[in-house]
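The values are calculated or read from the model by the stated rules, or taken from the named source; none is laboratory data. Everything numeric in this text was worked out from a predicted model, so none of it was measured. Ideal geometry is used to build each Cβ from the backbone, glycine not excepted, and the neighbour counts take in all protein chains shown.
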Amino acid sequence: MSETSIEARSARERWNRRYTERGFVPFPDRPAEWLVENRAVLTGPGGRRALDLACGDGRNALFLAQLGFDVVAVDVSDVAINALRKAAVNRGLAVDARRVDLEDEALPGDRYDVIVQINYLQRDLFGSLARALTSGGILIVETVTRAHVEELGKSFDPRFVLEHNELLRSFPDLHLRHYREGVVDRSGRPRAVASLLAERRLAR
């Protein structure tokens, strides 16, 4: 078994255990603030496709479905995905929940009109994210920076924190529409994050 596969299995087991111990409530009505702030750029005709990466409890997938998107919500946790599948059927949501190991499974190219990645960092996925967007597609990303540890004194695995302006430089082939980096309020608590909204240029 490869080192990557071992790490992925460990991550799946860790999240399965966490969700089981804490109790898992699918599709809570509390989407990420960064996603809500950019709602205006997400409105449009129905029938569009969205991808929610590392979807967790599905809060952002629910928000996208309510805006009329057909949503693919992926996560490494069996516990999360099984619960989301059942809840999506029961609530009639246009959400296709899939257990995906993003360390091993490639994203399809030119597929999604919107991709959302909140509180998740996998650097070798950046190029695939850009290519997975359709022409004119929107990428929305937000996750913690080193300041979360160094300035706010929070505990966080150093492998999964962004360096200063790292996210800003990570999507050179996309058109940057909005970027900010600093301490913001998230669910009533301070959080040092980098937040990006970028667009794949229209095909000519």
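With (1) more than 23 Å from Thr134 (Cα to Cα); (2) in contact (Cβ under 8 Å) with a residue 40 or more places away in the chain as the list, and Pro31 as the residue in question, which single condition is left unmet?
Checking Pro31 against (1) more than 23 Å from Thr134 (Cα to Cα); (2) in contact (Cβ under 8 Å) with a residue 40 or more places away in the chain, the one that fails is (2).
Mind listing just one residue for me: the one in the stretch 49-81 that is in a strand (DSSP E or B) and not charged (D, E, K, R) and, of those, nearest to Glu13 (Cα to Cα)?
Step by step, filter the stretch 49-81, then rank; the result is Val74.
Residues of the stretch 8-42 being surrounded by 13 or more Cβ atoms within 10 Å (Cβ to Cβ), farther than 15 Å from Ile81 by Cβ and at pLDDT below 85, which ones?
Arg9, the sole residue that qualifies.
Quick one: Arg131 ticks every box in (1) touching a Lys or Arg at 6+ places or on another chain (Cβ under 8 Å); (2) of a type outside the set (S, T, N, Q); (3) surrounded by fewer than 17 Cβ atoms within 10 Å (Cβ to Cβ); (4) not in a loop (DSSP other than H, G, I, E, B) except a single one, so which number is it?
Evaluating Arg131 over (1) touching a Lys or Arg at 6+ places or on another chain (Cβ under 8 Å); (2) of a type outside the set (S, T, N, Q); (3) surrounded by fewer than 17 Cβ atoms within 10 Å (Cβ to Cβ); (4) not in a loop (DSSP other than H, G, I, E, B) leaves (1) as the failure.
Tell me, which residue of the stretch 138-181 that is farther than 14 Å from Val193 by Cβ and either among the aromatic types (Phe, Trp, Tyr) or within 15 Å of the chain's Cα centre (by Cα) (or both) is surrounded by the most Cβ atoms within 10 Å (Cβ to Cβ)?
The selected residue is Leu139.
Considering only the stretch 75-106, state which residues are within 24 Å of Asp173 (Cβ to Cβ), without any contact (Cβ under 8 Å) to a residue 40 or more places away in the chain and touching a helix residue (DSSP H, G or I) at 6+ places or on another chain (Cβ under 7 Å).
Ala106, the sole residue that qualifies.
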